[in-house]
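**Q** Next up is a structure, given as structure tokens.
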Amino acid sequence: MNLGLSQGKSAVVALLLFASITDLRACAAETLELPEGFPLWQESVQLEAGFGYNDNVALSSVDRQRSPFAMAGVEAMLFRLPWNDWQLSLMAVGSDAEYLDRSISIDREQNAAVSGEFTYFIGRGWRSVSTLQYVFINEVMDVSTTYGASYPQQVFGHSLAFKQGARKDLGPWWAEFEVSGSRDWFREPLDDFWQAGPRLALGRSFGDRCEVSLTYQASSLMYDSREETDQTGTPLPGTHLRYLPQALELAWQQSLDARRRWRNLLRLSFESSEDNGSGYYDYDQYRVAEQVRYRAESWELNLQAALAYYDFPNQPVSLTDPRARHRTSLRVALRAEKTLSKHWRAYAVYDYERSFSNLRVDRYDANTFSGGVIFAF
């Protein structure tokens with residue numbers, strides 16, 4: 001289950017949304033003038049409660065467990081407008097879903113995240129951005145991309161990450177460079193790891209309604225105790241497993257009408273990962289993702305869809321089937337939200353997830369329905 005869609009996105013995605021709304025590249029700190037009486041600091045808090053139903057809680061291909069669930073969430077944000085050359089953004093989000101059918105193997109799913117971002121406007125279109133974030137996760141996830149053929153499992157872990165970046169705006173063009181490092185801790189059978197690497201991005205705006213960007217990212221991933229394997233997937237004692245995933249993404253953002261009620265975001269990406277051993281865990285991923293948002297006076301509709309194909313060239317289906325393992329994942333989510341009053345909103349969400357593969361344990365599908373109310377103040 002994706003708790004994020006019951007709260008408006010997962011904790012990780014909420015952080016990405018947070019980063020986007022704090023990107024005031026159209027404003028220069030040294031020229032911004034606040035209206036008289038307008039507060040320099042902005043804050044918001046919202047509480048959420050609702051119910052839902054998941055028809056495959058464990059994302060299983062053989063043991064489909066169904067259950068209704070009750071959910072609750074909170075989101076708090078503190079934001080300082082860019083003034084005297086600096087800007088500060090703080091955000092905390094959390095969600096909890098408790099499954100009401102006590103006979104299933106999973107009792108609840110949770111996630112939470114805290115993020116702080118400090119931006120210093122250097123001048124001449126330059127800015128420095130420093131980000132520190134913590135993420136907690138307790139969710140059912142498909143880990144077969146990095147762990148090989150395996151059933152989805154409940155992942156319990158923590159992550160602490162720091163990012164330092166710089167951005168240059170030059171007319172309609174902009175460029176970003178960022179270096180990040182993170183430490184992830186997981187409950188067994190998953191292994192802890194360090195991750196670090198650079199990110200480069202180049203973008204161009206076409207008027208005030210369209211933007212295209214190209215991003216490259218590489219990130220070395222170093223496990224604490226996982227070992228390299230031979231070509232059959234057998235661990236090699238005394239070794240340490242590492243991955244080097246590299247990704248390239250082309251993104252197109254477009255406001256589809258003059259009133260900006262319709263907005264489109266299309267992403268095309270390719271990712272390739274190599275391990276430092278026999279190449280058993282190597283994979284290539286091809287992905288297309290689309291998001292369409294409609295916002296009216298009291299309504300907001302959001303449709304997201306993502307299709308990804310994974311090729312594992314050195315992982316056979318089985319000892320008796322030498323074909324290379326491959327997998328296709330499909331995710332579709334629809335969210336409708338209605339503003340009822342100054343403080344109250346109601347929402348409904350449908351989420352569909354499916355995995356196709358030539359390996360049985362990789363094949364599953366799940367439908368999740370949820371709805372509830374949000375109180376903001």
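The values are calculated or read from the model by the stated rules, or taken from the named source; none is laboratory data. Computed from a predicted model, the values in this text were never measured in an experiment. As a convention, Cβ positions derive from the backbone with ideal geometry for all residues, glycine included, and neighbour counts pool all protein chains shown.
**Q** Among (1) crowded, with 21+ Cβ neighbours inside 10 Å; (2) not in a strand (DSSP E or B), which single condition is Ser115 missing?
**A** Exception for Ser115: condition (2).
**Q** Would you be able to say whether some residue in the stretch 154-166 is in a loop (DSSP other than H, G, I, E, B) and charged (D, E, K, R)?
**A** no
**Q** Given Asp321, Asp311, Asp275, which one is at pLDDT below 95 and either under 30 Å from Arg226 (Cβ atoms) or among the small types (Gly, Ala, Ser) (or both)? Outline the logic, then answer.
**A** On the way: Asp311 fails: at pLDDT below 95; Asp275 fails: at pLDDT below 95.
Going through Asp321, Asp311, Asp275 in turn, just one is at pLDDT below 95 and either under 30 Å from Arg226 (Cβ atoms) or among the small types (Gly, Ala, Ser) (or both): Asp321.
**Q** Please verify whether the stretch 75-91 includes one or more residues that are touching a Lys or Arg at 6+ places or on another chain (Cβ under 6 Å), over 30 Å from Ser329 (Cα atoms) and without any contact (Cβ under 8 Å) to a residue 40 or more places away in the chain.
**A** Looking for residues that are touching a Lys or Arg at 6+ places or on another chain (Cβ under 6 Å), over 30 Å from Ser329 (Cα atoms) and without any contact (Cβ under 8 Å) to a residue 40 or more places away in the chain, one finds at least one in the stretch 75-91, hence yes.
**Q** While we're on this one: So which residues in the stretch 101-133 are of a type in the set (S, T, N, Q) and either more than 26 Å from the chain's Cα centre (by Cα) or farther than 25 Å from Glu43 by Cα (or both)?
**A** Result: Ser103, Ser105.
**Q** While we're on this one: (1) part of a loop (DSSP other than H, G, I, E, B); (2) under 20 Å from the mean Cα position of the chain (by Cα); (3) within 30 Å of Ser298 (Cα to Cα); (4) not small (Gly, Ala, Ser): which one isn't true of Arg259, the others all being true?
**A** All conditions are met except number (2).
**Q** Just one of (1) polar (S, T, N, Q); (2) modelled with pLDDT under 95; (3) not in a helix (DSSP H, G or I) trips up Ser20, so point out which.
**A** In the conditions (1) polar (S, T, N, Q); (2) modelled with pLDDT under 95; (3) not in a helix (DSSP H, G or I), Ser20 misses (3) alone.
**Q** Continuing with the same structure: Among the residues of the stretch 308-317, are any touching a helix residue (DSSP H, G or I) at 6+ places or on another chain (Cβ under 9 Å), surrounded by fewer than 16 Cβ atoms within 10 Å (Cβ to Cβ) and touching a residue at least 60 places away in the same chain (Cβ under 8 Å)?
**A** no
**Q** Another question, then. If you take the residues in the stretch 347-377 that are polar (S, T, N, Q) and part of a strand (DSSP E or B), which one is surrounded by the fewest Cβ atoms within 10 Å (Cβ to Cβ)?
**A** Asn367
**Q** Assess whether Asp169 counts as being surrounded by 14 or more Cβ atoms within 10 Å (Cβ to Cβ), at pLDDT 95 or above and within 30 Å of Gly238 (Cβ to Cβ). Working first, answer last.
**A** Numbers: surrounded by 14 or more Cβ atoms within 10 Å (Cβ to Cβ): yes; at pLDDT 95 or above: yes; within 30 Å of Gly238 (Cβ to Cβ): no.
When the stated conditions are applied, Asp169 does not pass them.
Residue-by-condition table, conditions (1) touching a residue at least 60 places away in the same chain (Cβ under 8 Å); (2) loosely packed, with under 14 Cβ neighbours inside 10 Å; (3) among the polar types (S, T, N, Q):
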| position | (1), (2), (3) |
| --- | --- |
| Ser272 | no, no, yes |
| Asn276 | no, no, yes |
| Asp284 | no, no, no |
| Tyr294 | no, no, no |
| Ser298 | no, yes, yes |
| Asn302 | no, no, yes |
| Thr320 | no, yes, yes |
| Thr339 | no, no, yes |
| Arg345 | no, no, no |
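**Q** Would you mind stating whether Thr239 is without any contact (Cβ under 8 Å) to a residue 60 or more places away in the chain, assigned to a loop (DSSP other than H, G, I, E, B) and of a type in the set (Ser, Thr, Tyr)?
**A** The answer is yes for Thr239.
**Q** Mind listing just one residue for me: the one in the stretch 186-201 that is of a type outside the set (Asp, Glu) and surrounded by 15 or more Cβ atoms within 10 Å (Cβ to Cβ) and, of those, farthest from Arg242 (Cα to Cα)?
**A** Among them, the one singled out is Ala201.
**Q** Another question about this same structure. Mind checking which residues of the stretch 347-371 are aromatic (Phe, Trp, Tyr), without any contact (Cβ under 8 Å) to a residue 40 or more places away in the chain and within 23 Å of Ser150 (Cα to Cα)?
**A** Passing the criteria: Tyr352, Phe356.
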